[in-house]
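A.B. asks: I have a structure I would like to understand better, so I am pasting it below and will then ask my questions one at a time.
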Amino acid sequence: MPFIRGIPGMIYPQLTDISIFCLKMLSRQYYGFIAQRRRVARGFPPLHLGKRNYLDWLPISRFAILLACRVRRLQDAAPPESGELDRGCMVRVLTTTIAVAVCALPAIFCASGPALAQESGSENGKPLFEVGIGGGIGYIPDYPAADQNHVQAAALPYVIYRGDVFRADRNGIQGRLYRSDRVTFEVSLEGALGSSADDNRARQGMPDIDLLGEVGPALKINLHRDRGLRERIDLTLPVRSVFSTDFSRIKYRGLVFAPDVAYSKAGLMSGDDQFRLGLGPIFASSHLMDYFYQVDPQYARPGRDAYDARAGYLGLRLHSSLVMPVTDRISAFGAVRGELFSGAANEDSPLYKRNVNLSVGAGLTVSLYRSDSRVSAVSDILD
């Protein structure tokens, strides 16, 4: 079945309009960056226009322009016919357009808060913007309540942006739509690795579990904050849509509600480390429960009866993480997660195998580029 069958031809030109807009705005900003760089080369201080520090955004703006140009080339090379879009081309255009938007929005609006910019003179602060590469290895269950764990490893580039409105860090990507002293309303993204059905005894012969992504709004309420001890306690109430992908298509998998009470502390073992401990239940819609626990009749076999999964309580999660700097540019991280599924809505599924799951992981990150602007060293915990 073609990818997104029957999409009207009018949708496709809209992607062109997006890339043209990003290209125009970024080109305007890019020439401003060049002028600023020449100004500094001649011995003059850079201009700071409101919240904008142009020099910090020179590399990402150049990268976003290249992405926007690639979108144009992809679109011009494969015009749609009969209102139906080629799957491979559509995937490339969509993913690249999203990448342009992600890179373009911070570069165009420079969403760093004025309070953070005022702290840029602190040499002990953290860079406003970082680009690097990170790698890790983990021993994780194949799916919730599975009785098998497997070792998985990955190495990916990462972006950290410690802005007042837009944030990208080790906790995910966040856009803060509203913020007061104790309450924050944000939109965030998270992800999880998939697993192969061929490597799991309970799911052999069934479809694989693909990479999962979550996006949605979250209400974050601060319950306790102590700047002297550099610690805080937060209640987070997120509702996220879940999607899966095998890199050829994207499928909607339902909703998840995972309230969480988390304790965060900076300087637990050293001056710049960050520790987090969270606890909370997980509830999921029937679509997501189907993905994990349903057995369709064509996949039934002796010992694995057909089963219709239902929405409700998925389990209780306790997770902790520690990020510790090794050098100025290298950091080590570790994480442990325990999950209790006793009393879950689908514990009578033939794919429900264990009441408790345990996951462990560790890795390293290397910062390759850092902006000159700085933010408070404790802002990641206390802001």
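The values are calculated or read from the model by the stated rules, or taken from the named source; none is laboratory data. Note that the structure is a prediction, hence the values are computed from the model and not measured. Cβ sites come from the backbone with ideal geometry, for glycine too, and all protein chains shown count toward neighbours.
A.B. asks: Does residue 242 meet the test of being at pLDDT 90 or above, β-branched (Val, Ile, Thr) and in the same structural domain as residue 313 (by TED's automatic domain parsing)? I'd like the intermediate steps shown before the answer.
C.D. replies: Values: at pLDDT 90 or above: yes; β-branched (Val, Ile, Thr): yes; in the same structural domain as residue 313 (by TED's automatic domain parsing): no.
Here the answer is no, as residue 242 does not meet what is asked.
A.B. asks: Show the residue pairs meeting these rules: Cβ distance below 8 Å; 6+ apart or different chains; first residue within the range 138-161 and of a type in the set (D, E, K, R); second residue in a strand (DSSP E or B).
C.D. replies: That search, which allows pairs on different chains as well, returns 142/149; 142/150; 142/195; 142/209.
A.B. asks: Since residue 247 meets every condition but one in (1) at pLDDT 90 or above; (2) not assigned by TED's automatic domain parsing to the domain that holds residue 363, which condition does it not meet?
C.D. replies: (1)
A.B. asks: Oh, and also: Would it be correct to say that residue 326 is within 20 Å of residue 131 (Cα to Cα) and either under 22 Å from the mean Cα position of the chain (by Cα) or crowded, with 20+ Cβ neighbours inside 10 Å (or both)?
C.D. replies: Taking the combined requirement at face value, the residue does not satisfy it.
A.B. asks: May I pose another question? Quick one: in the range 183-222, of everything that is within 21 Å of the chain's Cα centre (by Cα) and part of a loop (DSSP other than H, G, I, E, B), which residue is modelled with the lowest pLDDT?
C.D. replies: The initial filter retains those residues of the range 183-222 that are within 21 Å of the chain's Cα centre (by Cα), namely 184-195, 209-221.
Restricting the remaining residues to those that are part of a loop (DSSP other than H, G, I, E, B) gives 193-194, 210.
Working: 193: 85, 194: 88, 210: 93.
Looking at the filtered set, the residue picked out is 193.
A.B. asks: From the list 300, 306, 335, 344, which one is surrounded by 18 or more Cβ atoms within 10 Å (Cβ to Cβ), hydrophobic (A, V, I, L, M, F, W, C) and more than 25 Å from the chain's Cα centre (by Cα)?
C.D. replies: On the way: 300 fails: surrounded by 18 or more Cβ atoms within 10 Å (Cβ to Cβ); 306 fails: surrounded by 18 or more Cβ atoms within 10 Å (Cβ to Cβ); 335 fails: more than 25 Å from the chain's Cα centre (by Cα).
The match here is 344.
A.B. asks: Taking residue 285 as the residue in question, decide whether it is surrounded by 15 or more Cβ atoms within 10 Å (Cβ to Cβ), under 17 Å from residue 190 (Cβ atoms), in contact with a Lys or Arg (Cβ under 6 Å, 6 or more places away or on another chain) and small (Gly, Ala, Ser).
C.D. replies: Details: surrounded by 15 or more Cβ atoms within 10 Å (Cβ to Cβ): yes; under 17 Å from residue 190 (Cβ atoms): yes; in contact with a Lys or Arg (Cβ under 6 Å, 6 or more places away or on another chain): no; small (Gly, Ala, Ser): yes.
No.
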